[in-house]
1. When you go through (1) out of contact with any Ser or Thr (no Cβ under 6 Å at 6 or more places or on another chain); (2) at pLDDT 95 or above one by one for N53, which number turns out not to apply?
2. Which ones in the stretch 93-129 are in a helix (DSSP H, G or I), surrounded by fewer than 18 Cβ atoms within 10 Å (Cβ to Cβ) and of a type in the set (D, E, K, R)?
3. For the stretch 65-92, how many residues are crowded, with 24+ Cβ neighbours inside 10 Å, of a type outside the set (F, W, Y) and over 23 Å from Q28 (Cβ atoms)?
4. Quickly run through the stretch 36-74 and pick out the residues that are aliphatic (A, V, I, L, M) and part of a helix (DSSP H, G or I).
5. Somewhere in the stretch 136-149, is a residue open to solvent by less than 20 Å² (accessible area, probe 1.4 Å), touching a His at 6+ places or on another chain (Cβ under 8 Å), modelled with pLDDT of 95 or more and not hydroxyl-bearing (S, T, Y)?
6. Might you check whether a residue that is in contact with a helix residue (DSSP H, G or I) (Cβ under 7 Å, 6 or more places away or on another chain), among the hydroxyl-bearing types (S, T, Y) and at pLDDT 95 or above occurs anywhere in the stretch 85-100?
Amino acid sequence: MAERLVIISDMWGAKKGLWITSYLGYLQQYFDIVFYDIQQLANLDLKVNSGENIHKAFVEGGIDIAVAHLLKKEKEPSHYLAFSTGGTIAWKATNLGLPMKSLYTVSATRIRYENEKPEVPTKLIFGENDSFKPSKEWEGKLDIEIESVANFGHTLYSDEKIIKKVCKDLLDQVTKLPSKSKKAV
């Protein structure tokens, strides 16, 4: 039976998330996947879907609403892959008791405001040029390691090279297969 993987979108959800299909394509053969569009989790219904409006809606309560809905919906311990604001939602939810086996976040910049790290295996990846990634001081304070990818900014998760890397990392972390039997991603 396949491991369960919950994938949580960035702030754009499925609206600008064509890149998410690449993750699903690579990972669906290895995992039982559940996908959440965080705009739906947060009950966002904006008249104008600009980046500024969406960001503001999440910061002004949408993140907390999405966390509450995720806690209600998810009862089975699962692995999580989450992007940007979705990573912050997963981080907060696990610290509030969401059953989680592991957390892999990409560009979850708002976690820089968190003071408690999850008690599950956690991998954080950011673009080196993302000006909102957590600081070295935050990394040290929480005793957590951040992987920084050179020559990328915040939306590195939509790049095919990074998609392949994240999928391979996740498969290596979760499946723990002997190296000879791993399928290439």
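The values are calculated or read from the model by the stated rules, or taken from the named source; none is laboratory data. Source: prediction; values computed, not measured. Cβ atoms come from the backbone with ideal geometry, glycine included; neighbour counts cover every protein chain shown. Surface areas here come from the heavy atoms of the whole protein model, side chains and all, with no ligands, DNA or RNA. Shrake-Rupley method; radii C 1.70, N 1.55, O 1.52, S 1.80 Å.
1. (2)
2. At the first step, the residues of the stretch 93-129 found to be in a helix (DSSP H, G or I) are 93-95, 109-113.
Still in the running and surrounded by fewer than 18 Cβ atoms within 10 Å (Cβ to Cβ): 95, 112-113.
Answer for the stretch 93-129, where residues must be in a helix (DSSP H, G or I), surrounded by fewer than 18 Cβ atoms within 10 Å (Cβ to Cβ) and of a type in the set (D, E, K, R): just R112.
3. Qualifying residue count for the region: 3.
4. Our first condition is that a residue be aliphatic (A, V, I, L, M); within the stretch 36-74, this holds for 38, 41-42, 44, 46, 48, 54, 57, 59, 63, 65-68, 70-71.
Hits for the stretch 36-74 are I38, L41, I54, A57, V59, I63, I65, A66, V67, A68, L70, L71.
5. no
6. Yes - at least one qualifying residue is present in the stretch 85-100.
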